[in-house]
Amino acid sequence: MDASLEKIADPTLAEMGKNLKEAMKMLEDSQRRTEEENGKKLISGDIPGPLQGSGQDMVSILQLVQNLMHGDEDEEPQSPRIQNIGEQGHMALLGHSLGAYISTLDKEKLRKLTTRILSDTTLWLCRIFRYENGCAYFHEEEREGLAKICRLAIHSRYEDFVVDGFNVLYNKKPVIYLSAAARPGLGQYLCNQLGLPFPCLCRVPCNTMFGSQHQMDVAFLEKMIKDDIERGRLPLLLVANAGTAAVGHTDKIGRLKELCEQYGIWLHVEGVNLATLALGYVSSSVLAATKCDSMTMTPGPWLGLPAVPAVTLYKHDDPALTLVAGLTSNKPADKLRALPLWLSLQYLGLDGIVERIKHACQLSQRLQESLKKVNYIKILVEDELSSPVVVFRFFQELPDSDPVFKAVPVATMTPSAIGRERHSCDALNRWLGEQLKQLVPASGLTVMDLEAEGTCVRFSPLMTAAVLGTRGEDVDQLVACIESKLPVLSSTLQLREEFKQEVEATAGLLYVDDPNWPGIGVVRYEHANDDKSSLKSDPEGEKIHAGLLKKLNELESDLTFKIGPEYKSMKSCLYVGMASEDMDVAELVETIAATAREIEENSRLLENMTEVVRKGIQEAQVELQKANEERLLEEGVLRQIPVVGSVLNWFSPVQALQKGRTFNLTAGSLESTEPIYVYKAQGAGVTPPPTPSGSRTKQRLPGQKPFKRSLRGSDALSETSSASHIEDLEKVERLSGGLEQITLEASSTEGHPGAPSPQHDNQSEAFQKGAPHPEDDHPQMGKPGSRDLRLTQPVNSHL
C-alpha cells in the first residue's frame, strides 16, 4: 500500500492514507499487547486531567484512545472484543477523514465532487438490488429514512399541508399501518418524529389460522382499511417486512402492493431479506419488493463495513416535495454521507458484494439442513428456504406429560397451562443459547424471547458473518455443540418432575418453583426458626445454605450448585444445575436434607455450648462441694489434722475412690466419674441421636462420582468385578468387627477396682476433657457427638 500511496499526486491525500494506516496499525498492535500483558491500564486513561497547554503528539493521543477502548477488559472479560475490520473497513474509515478534507475545497469543486459521489452510489445500489429509476437517501439512524418517507407521503396526500399545517391532518387523520411483527419501538419513534398522536398508528395482526404466524394478515388489513375510510380517516402508509426483525419471515409483498395501489397507500419495505436481491436467484416474495414505493437497507452489516450509513431507496417525481420532506439537500455535508459507502463499494466490487451475501445465505442454509436431522430441535422458518435467518429452539414432549397439552391447540389453552408448557423449556433454551455463544463465538448467535414460541436462538449470518468471519466449519462446530448438549437438556427436563416429587416427600425441604432456572430445580431447607409467612431475608437460613453449598461442592460431583434469593422472596435457596440421565435424584435429595439438618444441629450446638457449659460447671461445683462435706463426715476430724492425719493414714489407709462429675455436651447430662476409675473405661451415658444420613448414601465403586446410579446394563465382567468388590468390603467389615470384640474382651480382664495412685494425693480440682484411655477400651467410646467434660474430686488433700 505504501507504493500505491507514492503514486498519488496530492500530498495531502497520500499523507491522510498513510496516517490512517499507521493509526489503525497502532491501535490493533496496542490491542494485542494489551491482551498479552493481561490488561494493564494507565492512570491517565481513567482519571480525566486538565488540558495540557503545550499539546500532545499523535502517538500519545492514540495511546490514550486505545487505553479508553481496552482499559476495562480485565474487569469485564466477557465483553466482546473489537473485530479486525480489514482493508475494506479501512476504506470506510478513510471516507470519514476524506470527507473532512473534501469539505475544504472551493464551492464549485465541492459541488461537482459531491454530486458525482451521490449519483454514483445511488446508481450502483439501484442496479445491485434491482430497484430501477430510484433515488437514495443516506442516513445514520436506521429508522430516520422511514420518518422522511412518512413526511413525503404526508406532503403528497395533503396538498395544503405546507400552508395549513396540522389543521389539515385534524380534519382527516392519517393512518400508518405497522405489522405486529415489526421491530419494537418503531411506531413510537415515527409518532415522535412526525408529531402525530398514537391513534394514528394501526397495528396489523399476523396470521392466526393459515400461513406463518409472523406474516401480516392481508384479509384483516383490508378490513381495517375499509373501516378507517368509513370513519373519515386517510390510509397513508404501510410498512411491510422482507425478513422480520425476530425470525426473518417475509410478508406477502405482492398481495400487499395490489392492496396499496387499490387504496392509494404508500408501501415501504424493510428487512434483512432485501440483501438477497443482489443474488442471481431471488424468491418471488422478496422480488416483489422491487415494485414498492420505498425500501430501507443496511449494507454496513451485510458487507462487514464499519461506520457506513443506511440507505433508503425511493421513487418520486417531484423534487420540490422530496426537498421539503428532507430526502434531498443542497448542503455538501449531507451529500458526503455517501462517501464511505462510495469508497467501500469500489473496493469490494460487484463480485465481492455478491460473494459476501451469497456466503451468508449458504451458511444459514447449511445450518438449517443440519438441524433438520437433529432430534428435539424445532426450526421456526422451515417453510422459507430462501430466508437467511435460522431460528431454532429445544423442544421435547415428555412421555408422561399431560395429554391436554397434546390434544388442545395452543390458542385455546389456558394461560396457566401455556405457562407450564413454555417455562419448562424457556430456561433450557436460554442456557443452550448462552453455552453456544461461548463455545462458538464466531457464530454470532443471539437469544431472544418470542411471544408465541418462547425463548429461541437466532442465527443471522447476514448481520454478523462478514464482521465475525464466520465460515462453514463454524457452522459444523455449532451443530456438533448442539448435539453434545442435547442429552443433558433432555435428562434435565425429564428429572425435573422426579426432583420435585422427591423434595415434596422429604421433611424439612421446600420445593421452589423458579421458571428462570435451567437446572433440575430449586430447593430451600426450612429450619426450626423459619418464618414461612415472611418474605424477608433470613440470616440463619442463609448461613445454613452457605454451609450446605460448601459441603455439596466438596463431594466433587458432576452437578453444579449455587445459592441465591428465592424467585418471589428474599429467602436463600439452593439451585441445582443441569443433570445427566444416570443421576440418582433420591440420593441427591436425601443428601441435601441430611447435610442441611446436620449443619443446623451443629450450628445450634455451638450457639448453646457456652450457656450449657457454664450451667454444667456450676452444678458440678455444687455437687463436688457436697461430696467434700460427706467425705469429712466419713473420715472424721482427726484425719484432717496434719500430723495426726498422716499417722492414721499410714496405719490405716482410706480405701476411697475419686468422685467427680462427667458432663456430656451433646446430651446435656451430668454423670458420676466413678465408673471411669472402677472399670477404667468411659461410659456411654446418654447416647445422642446419630447424625442423619441418607439411606441411599451407599458405598460407591472405584471412580464412581456421587449421585450416580449404578450401571446395570454393563457387561458380565464389570458385574463380576463389582460383586467381588462388595464381597471384599464385607470381609473387611467382618474382620474389623472380630478384632474389636477381641480388644474389648482383653480390656475387660485388665480393668479392676484398686487404690488410687499416690500421685493423685496432691492434685487440686481439675477441669479435664476427654477419656483417660483410648476409645478401643470400651464399645461406647469414640462415638460421634460424645463430647465430655470431667470434674475430678481429689482424695487426701492433706498428708
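The values are calculated or read from the model by the stated rules, or taken from the named source; none is laboratory data. Given the structure is predicted, the values throughout are model-derived calculations rather than measurements. Reconstructed Cβ throughout: ideal geometry from the backbone, glycine too, with neighbour counts over all protein chains shown. Heavy atoms of the whole protein, side chains included, go into the accessibility calculation; ligands, DNA and RNA do not. Shrake-Rupley method; radii C 1.70, N 1.55, O 1.52, S 1.80 Å.
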- line: Expressed in square angstrom to the nearest 10, the accessible area of M69 with a 1.4 Å probe stands at 80
message: Once R0 is set to 22 Å, what does the formula 1/(1 + (r/R0)^6) return for the Cβ-Cβ distance between R614 and E540, expressed as a FRET efficiency to the nearest 0.05?
response: 0.45
- line: Given unit charges at Cβ for Lys, Arg (+) and Asp, Glu (-), the dipole magnitude of the range 119-328 about its Cα centre in debye, nearest 20, is 400
query: Can you pull out the GluC sites (Glu not before Pro) in the range 445-495 that DSSP calls coil and that have at most 11 other Cβ atoms within 10 Å?
result: E451
Selection of GluC sites (Glu not before Pro), the range 297-398, meeting DSSP coil and at most 15 other Cβ within 10 Å: E382, E397
- line: In whole angstrom, the spacing between the Cα centers of the range 90-123 and the range 142-192 equals 32
message: Once you keep just the Cα pairs under 8 angstrom separated by 6 or more residues, what percentage relative contact order results for the range 119-328?
response: 26
- prompt: Largest first, what is the accessible-area ranking of F220, F198, F561 with a 1.4 Å probe?
  reply: F198, F220, F561
- prompt: For the pair R127 and A307, what calculated FRET efficiency results from E = 1/(1 + (r/R0)^6), where r is the Cβ-Cβ distance and R0 = 30 Å, to the nearest 0.05?
  reply: 0.80
- request: Mind checking the full-extension length gain between Y263 and R203? Use 0.36 nm per residue of separation minus the Cα-Cα distance, one decimal, nm.
  value: 19.8 nm
Rounded to the nearest 10 Å², the accessible area of W124 at probe 1.4 Å: 80
message: Quick check: with the 1.4 Å probe, what order do E634, E502 take by accessible area, largest first?
response: E634, E502
query: Please identify the trypsin sites (Lys or Arg not before Pro) of the range 228-330 that satisfy two criteria: DSSP loop assignment and at most 12 other Cβ atoms within 10 Å. Which are they?
result: R231
statement: Length gained if K551 through S60 is fully extended, taking 0.36 nm per residue and subtracting the Cα-Cα distance, is 171.5 nm
field: FRET efficiency for K223 and E451, using Cβ-Cβ distance with R0 set to 25 Å, rounded to 0.05
entry: 0.65
query: What residues have an amide H closer than 5 Å to that of K708, excluding those fewer than 5 places away on the same chain, when H is modeled at 1.01 Å from N in the peptide plane?
result: D584
message: With a 1.4 Å probe and all protein chains kept in place, how do V647, V488 rank by accessible area, largest first?
response: V647, V488
Per-residue ³J(HN,Hα) for the range 331-344, Karplus 6.51 cos²θ - 1.76 cosθ + 1.60, θ = phi - 60°, Hz, x for Gly and Pro: 7, x, 5, 5, 6, 6, 4, 7, 4, x, 6, 4, 5, 5
query: In terms of the Cα gyration tensor, with a ≥ b ≥ c the square roots of its eigenvalues, is the range 119-328 rounded because a/c is under 1.5, prolate because a/b exceeds b/c, or oblate?
result: oblate
query: Among the listed pairs K543/K615; K148/K291; K291/K378; K551/K571; K172/K226, which are separated by more than 25 Å between their Cα atoms?
result: K543/K615; K291/K378
message: I'd like the accessible area for R203, computed on protein heavy atoms only with a 1.4 Å probe and all protein chains in place. Round to 10 Å², please.
response: 150
